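**Q** Quick one: structure below, then a few questions.
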Amino acid sequence: MLSQGESQVSLPVYPPIAYVGRTVFIIVTTIIFIIALLAYLRLRSRKSLLLTTGFGLFFVHGMLGILELFVLAFNHDFTEGMHLLLDAVALTFILIGTLKD
Amino acid sequence: MFKEEILENDRRRKIYAVIKKNPGLHIRELQRVLDIPLASLQYHLNYMARRSIIIEEKAEHYTRYYTKALDPEDKKILSILRQKTMREIVLIILVSKKAKYHFLVENLKLPTSTVSFYIKNLLENDIVLRTKIGYENVYTIKNEDRISKVLIAYQSSLLDILVDRWANTWLENRIVNEKTKEEPKEEDND
């Protein structure tokens, strides 16, 4: 029983699209990240390392999104700006990796 | 010549895969499963047995065949040769015994920078050896028997195909760059 003044902290309920969207996102990013990582392990080039880092960041972003839905400790409610910043850093790695000779 | 050798290698891979799946098969059973002429099958079995890729066990009336497990060094080489272009380079050198840099570029039909990148990787992993003859670099396989064994034991997987296509996609812009640049000298590429 909670005493007076104490409030029970629980996970917020998100709209169904958040669950579907984040699940699809983590599945796709995991597949791409695994392929990129395997390609890096075989080729060991700087170009593939940059690409793997970029797609790895997308994977981390996806993981955070999933944890935010189901684990209270990760429910930091990141601002839209934070999400965009993480994506921008990931895209920068992919861009450098793509343009690198 | 290459095509023929590669086809032979494919046939050996099929035989190896059947023996691996059904250890202890004898030649008649293998022939029924694979539908290969007996003489040809016997030739490939002898080839693989000589190189210790498969094991022969002589019973009263039959010789039974088993595959030999890959050791850690084989597995290390196999992980490198999962890349299609690496396998192609190794096969070309293996078939022609030794190959010059330009010969590899011509046969692979890939940009010089891409070929150099793959050769460097093979040299670093001790799969290929480089010898300088005059002004040209000549490439040979360090351990032919081991490489033959690994190439026969190799079985492609969906993941391998995906990784191959991924690597090709990101290397494509090297080809575009190549066209705009002057072809570098051989010494620069190696």
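The values are calculated or read from the model by the stated rules, or taken from the named source; none is laboratory data. Being a predicted model, the structure only gives us computed values, none of them experimental. Every residue, glycine as well, gets a Cβ built from its backbone with ideal geometry; the counts of neighbours run over all protein chains shown. SASA here: full protein model, heavy atoms, side chains in, ligands and nucleic acids out. Shrake-Rupley method; radii C 1.70, N 1.55, O 1.52, S 1.80 Å.
**Q** Based solely on C-alpha atoms, express the radius of gyration and the Dmax of the protein assembly as shown in angstrom.
**A** Gyration radius and largest Cα-Cα distance of the protein assembly as shown: 26.0, 91 Å.
**Q** Also, quick follow-up: How large, in Å, is segment B:13-55 by the Kirkwood hydrodynamic radius built from its alpha-carbon pairs? Write down the numbers at each step before the final one.
**A** Details: mean 1/r = 0.0974 Å⁻¹.
So the Kirkwood estimate lands at 10.3 Å.
**Q** If you don't mind, another one. Let's test this: bin the Cα-Cα distances of segment A:16-99 at 10 Å from zero up to the farthest pair and state each bin's percent.
**A** All Cα pairs considered, the percentages come to 19, 44, 27, 9, 0.
**Q** Oh, and also: Rg to Rh ratio, chain B, alpha-carbon atoms and Kirkwood radius?
**A** Rounded to two decimals, Rg/Rh equals 1.04.
**Q** Let me spell out the model: positive unit charges on the Cβ of Lys and Arg, negative unit charges on the Cβ of Asp and Glu, origin at the Cα centre of chain B. What dipole size does that give, in debye rounded to 20?
**A** Taking the Cα centre of chain B as origin, the dipole is about 540 debye.
**Q** What is the set of long-range amide H partners of B:LEU129 at a cut-off below 5 Å, with H atoms built 1.01 Å from backbone N?
**A** It is B:THR140, B:ILE141, B:LYS142, by chain and number.
**Q** Karplus couplings for segment A:83-96 from phi (6.51 cos²θ - 1.76 cosθ + 1.60, θ = phi - 60°), rounded to Hz, Gly and Pro as x?
**A** Karplus values, whole Hz, x for Gly and Pro: 4, 5, 5, 4, 5, 5, 5, 4, 5, 5, 4, 5, 4, 5.
**Q** Give me the summed buried accessible area for the A-B pair, 1.4 Å probe, to the nearest 100 Å².
**A** 1500
**Q** Let me ask you something else. If Lys and Arg each add +1 and Asp and Glu each add -1, what is the summed charge of the other residues whose beta carbon sits under 15 Å from the beta carbon of B:ASP145?
**A** Cβ neighbours under 15 Å give a net charge of +3.
**Q** A further question on this structure: Can you tell me the FRET efficiency between B:ALA59 and A:THR92 if r is taken as the Cβ-Cβ distance and R0 is 45 Å, rounded to the nearest 0.05?
**A** Rounded to the nearest 0.05, the efficiency is 0.10.
**Q** Please work out the Kirkwood hydrodynamic radius for segment B:83-134, using every pair of different C-alpha atoms, and report it in angstroms with one decimal place.
**A** The Cα-based Kirkwood calculation yields 11.1 Å.
**Q** Before anything else, pin down the relative contact order of chain B: Cα pairs under 8 Å, at least 6 apart, normalised by residue count, whole percent. Please report the intermediate quantities before stating the final value.
**A** Numbers: 187 pairs, mean separation 43.2, N = 190.
Relative contact order, chain B: 23 percent.
**Q** So, one more: Report the charge-dipole magnitude of segment A:16-99 in Debye, nearest 20, computed about the Cα centre from +1 at each Lys and Arg Cβ and -1 at each Asp and Glu Cβ.
**A** 560
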